[in-house]
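Let me begin by presenting the structure, written as structure tokens, before commenting on it.
The values are calculated or read from the model by the stated rules, or taken from the named source; none is laboratory data. What you are looking at is a predicted structure, and each value in this text was computed from that prediction instead of being measured. FYI the Cβ positions are ideal-geometry reconstructions off the backbone, even for glycines, and counts take in every protein chain you see. Heavy atoms of the whole protein, side chains included, go into the accessibility calculation; ligands, DNA and RNA do not. Shrake-Rupley method; radii C 1.70, N 1.55, O 1.52, S 1.80 Å.
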Amino acid sequence: MTTPLRLGLAGLGTVGTGVIRIIQTHANLITARAGRPVTISAVSARDRKRNRGVDLSAYAWEDDPVALARRDDVDVVVEVMGGSDGPAKAATEAAIAAGKDVVTANKALLAHHGQELARQVEAAGTSLRFEAAVAGGIPVIKALTEGLAGNEIKRVMGVMNGTCNYILTRMESAGLPYETVFEEARALGYLEADPSLDVDGIDAGHKLSLLSAIAFGTEVDFDSVELEGIGQISIDDIRHAGNLGFRIKLLGVAQMTGRGLEQRMTPCLVPAQSPLGQLEGGTNMVVLEGDAVGQIVLRGPGAGEGPTASAVMGDVIDIARGVRIPPFGRPASSLTRAIPAKAAVPAPYYLRMTLLDKPGALARIATQLGDAGISIDRMRQYGHSEPTAPVVIVTHRTMRDSIDVALAGFRDTGVVVGEPVAIRIEAV
């Protein structure tokens, strides 16, 4: 019989137990597709006594994931512990140093150390695969590195955090405020232990930085991703967007421009009838635009045991078949350091603010917009209640820098109550 590919599994949480279930359930199918058996030699986790609902009796146990990575009976280390540093990084580097391949679902590790790890892998002649780190079960890494390898990628965009999409669509469907739906998501277990990773766009920003590196041949640069979370989005914004024919999404956009690499993960208004606009609940969607292929849309579950474990096993089976691809689609030594750039493409903006209800208030706002070079497309006053008057403005196409100038000017008018909200309207 062909020699099996032997795995060491570091992490027995949701994804790790999902990998075990797939291997135990589909052993014959995996052998047929991989051309050799795939087995598990050893596992590692923090709590040996915890009941995980899978049979671990056939596997050796290592308390230390670094020791697991160095075992002679392990060919591939599957790292599904999480965390940008600590045991995950140590085990990954130990595996590479020992000449082993690594499959990981750890976007934080790669967003912060991807270039360094890619160089280590290149020097060692091993593989580092991470399909499961971006968009769960959607094979977007494979699409970029293989299926679209003949294209110059023009733009990458998408909804890459299911929790944020759940919150925004739930606010809309139930008419509930952000704070209520946030607590509902926490009770359902949708939020990370540190909720800011989700709602502040950090988790999705990690994913976008990885896709950018592959799409544009650049070193991973998470620190240059413009991040803005969804905490300032109100139920009023959701309703106004709907009335205007839009829906609000936490949208990632990356594109190479003449000014440099633009990477942003921010709330945007998108057309309600577009594929992104129709996306509901915890589903993810990634849109890829290439010069030859045009636009393709990938949609599917962005998290969960089955989808993420499925992505892990796709990488494992590729390794079993002997498929060797550099982590970011080209040699690490050829990846360039991109110049970070702000959004270079003008767009309309949605502005919401509360004004003091007094003569000339709207005129002062219009003057500030005009002084910043911004023209008004639509303006509406709603829910008038003395002594204030809420106002929604949709601008013509403009640059974010001009919007920021106008917002700063609003503070000097003496008629704006609280902080205005400004959201880009994205052409998708």
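A compact globular protein would have a Cα radius of gyration near 2.2 N^0.38 Å; the ratio found for region 287-349 is 1.62. Taking 0.36 nm per residue of separation and subtracting the Cα-Cα distance, full extension of the segment from V297 to R48 would add 85.5 nm. Listed by chain and number, the lysines whose alpha-carbon sits under 22 Å from that of K100, ignoring those within fewer than 8 places in the same chain, are K89, K142. The alpha-carbon atoms of region 5-133 define a convex hull whose volume equals 99 cubic angstrom per residue.
The portion of the accessible surface of region 347-425 made up by carbon and sulfur, rounded to a whole percent, is 50 (1.4 Å probe; DNA, RNA and ligands excluded).
Nearest 5 is fine: what % of DSSP beta bridges in the chain come out antiparallel, could you say? Roughly 65 percent of the DSSP beta bridges within the chain come out antiparallel.
How many angstrom lie between the Cα centre of region 1-68 and the Cα centre of region 276-348? Using only Cα atoms to place each centre, the spacing works out to 26 Å. Report, to one decimal in Å, the Kirkwood hydrodynamic radius for the chain based on all distinct Cα pairs. This gives a value of 23.1 Å. In the context of the full set of protein chains, residues of region 347-425 present 48 Å² of accessible surface per residue (probe radius 1.4 Å, heavy atoms only). Out of every Cα-Cα pair that region 89-241 contains, those further apart than 25 angstrom amount to 39 percent.
Volume per residue of the convex hull around the Cα atoms, evaluated for region 194-271, comes out as 97 Å³.
The magnitude of the dipole of region 5-133, with charges of +1 and -1 set on the Cβ of Lys/Arg and Asp/Glu and taken from the Cα centre, is near 360 debye.
Nonpolar atom fraction for region 5-133, defined as the carbon and sulfur part of the 1.4 Å probe accessible area, stands at 45 percent.
For region 347-425, just run the numbers: alpha carbon Rg, then divide by 2.2 N^0.38 Å, N being how many residues it has. Compactness ratio reported: 0.99. Among L250, L227, L29, the largest mean-square fluctuation in a Gaussian network model of the chain (Cα springs under 10 Å) belongs to L29.
For region 84-237, the per residue solvent-accessible surface stands at 33 Å², with DNA, RNA and ligands left out and a 1.4 Å probe. Counting only heavy atoms of the protein chains and using a 1.4 Å probe, Y59 has close to 40 Å² of accessible surface. Restricting the trypsin sites (Lys or Arg not before Pro) of region 304-375 to loop positions (DSSP other than H, G, I, E, B) with no more than 16 neighbouring Cβ atoms within 10 Å leaves R324, R337, K342.
The radius of gyration of the Cα set in region 253-320, together with its Dmax, comes out at 15.4, 43 angstrom. At q = 0.17, 0.20, 0.33 Å⁻¹, what is the log10 ratio I(q)/I(0) for region 178-222, with the Debye formula run over Cα points and no solvent? Values, matching the q order: -0.56, -0.66, -1.09.
Restricting the calculation to Cα atoms, region 291-424 yields a radius of gyration followed by a Dmax of 24.1, 73 Å.
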